[in-house]
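These notes concern the structure reproduced below.
The values are calculated or read from the model by the stated rules, or taken from the named source; none is laboratory data. Since the model is a prediction, treat every value here as computed from it, not as a measurement. Cβ coordinates were reconstructed from backbone atoms using ideal geometry, including for glycine residues, and neighbour counts include every protein chain displayed. Heavy atoms of the whole protein, side chains included, go into the accessibility calculation; ligands, DNA and RNA do not. Shrake-Rupley method; radii C 1.70, N 1.55, O 1.52, S 1.80 Å.
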Amino acid sequence: MAKCKCSNRSRIVSNAVQKLYSGCTDLCANPVCGDPSVLSIMAPLIYDEIGINLCTTFDLGVDIATTYPTVTSASVKVIDADYTYGPEGVQIESLAGRPNCYVVTLAGITVQFAVELYDAAGRLVATIFPTAVYLPASTAAPTYDEDTNPVSVELEIFAPYGFSYDTTADTPTPVINFIGFSQDSNFIRQGLNLYGLAKLLDFDIEDSTATVGLTLVLQSLYFAGYRVKSAGKIDVPKGSILAADNTDCMRFVAGDLLNLAIKPLDLGELQGTDCGCGTCECDCNGNGYGQMSNNDCTKIVSDDTSVFPEV
């Protein structure tokens, strides 16, 4: 950021605006159609991740043979997962002397699946939505198995910037975000995220049960600003059911999609602050951008805005 100092006030000016001052163009009044070689983006970056495999057999909750007599096969995917925090659920603990790592205990995770049922010709007959408990809190639970679905697992993960908090209560509490395919879980959050992938290992039509292998992946993720090479904006393909006609409306409907012409600018460090045509623009009187001679323009100050060291 650059700061333009005037006699009666100071204003912080962004790099994009200040860079265009150097070419004597007011970006705020005349947006430029740029084509940068690099783009400045805010990207979610994975700092660490670890996965485990679990497996259990569970009841599908419907009599398959009676309700769907033509069904011969099925497929499965994870929709959502539900869990609580505490001794019998999910816990996040810091490690003494190792402030950048945490031990995450996973337990009592109720996974909701979408099981699609198909007939012998591969046509979809129905979709059902059973649930199953993975890492059950009790060894007496029907889905418990000492080897393939124990009561809990502990995962150690590198998370240098910590985790997210639930701030709805009086005291914020740490949380792990589940990334699923429900309307309320199909997004990532900064901090610790958990997601699941499923594989159907056995489908018993007579018993109406399924054996499903589940991969759970825990990851630490944080948003950071990065500069990436640009190959230009995407060109969206357009389909049309109308034939071309001579009217303006018909030509528009059958024509190309609209596309905004203004493109993002390169937000890199300023290369210079000298205004090439002998004037410097600065809003010093509150009446818009007035022009002043170079002798009257004050020094442009650039400050380092770094917050975190490189990790």
| message | I need a count of the residues in region 29-66 that are modelled with pLDDT of 95 or more and part of a loop (DSSP other than H, G, I, E, B). | response | 4
| Any chance P69 is closer than 19 Å to D166 by Cα, in a loop (DSSP other than H, G, I, E, B) and not hydrophobic (A, V, I, L, M, F, W, C) | no
| request: Considering only residues that are in contact with a Gly (Cβ under 9 Å, 6 or more places away or on another chain) and not in a strand (DSSP E or B), look in region 161-170 and name the one that is most open to solvent (accessible area, probe 1.4 Å). | output: Y161
| query | Is it the case that some residue within region 254-266 is at pLDDT 85 or above and surrounded by 13 or more Cβ atoms within 10 Å (Cβ to Cβ)? | reply | no
| Residues being in a strand (DSSP E or B), under 17 Å from A159 (Cα atoms) and open to solvent by less than 60 Å² (accessible area, probe 1.4 Å) - total across region 171-181 | 4
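Looking at region 208-220, is at least one residue open to solvent by 50 Å² or more (accessible area, probe 1.4 Å) and either out of contact with any helix residue (DSSP H, G or I) (no Cβ under 9 Å at 6 or more places or on another chain) or under 29 Å from I41 (Cβ atoms) (or both)?
no
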| query | From the set of residues in region 35-68 that are under 19 Å from the mean Cα position of the chain (by Cα) and among the acidic types (D, E), which is nearest to L124 (Cα to Cα)? | reply | E49
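Name every residue in region 190-243 that is basic (K, R) and either at pLDDT 95 or above or touching a strand residue (DSSP E or B) at 6+ places or on another chain (Cβ under 9 Å) (or both), in order of residue number.
To start, the set of residues in region 190-243 that are basic (K, R) comprises 199, 227, 229, 233, 238.
Across region 190-243, the qualifying residues are K199, R227, K229.
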| message | If I ask for residues that are under 13 Å from the mean Cα position of the chain (by Cα) and open to solvent by 10 Å² or more (accessible area, probe 1.4 Å), which ones from region 182-207 would you list? | response | N186, F187, I188, R189, Q190, Y195
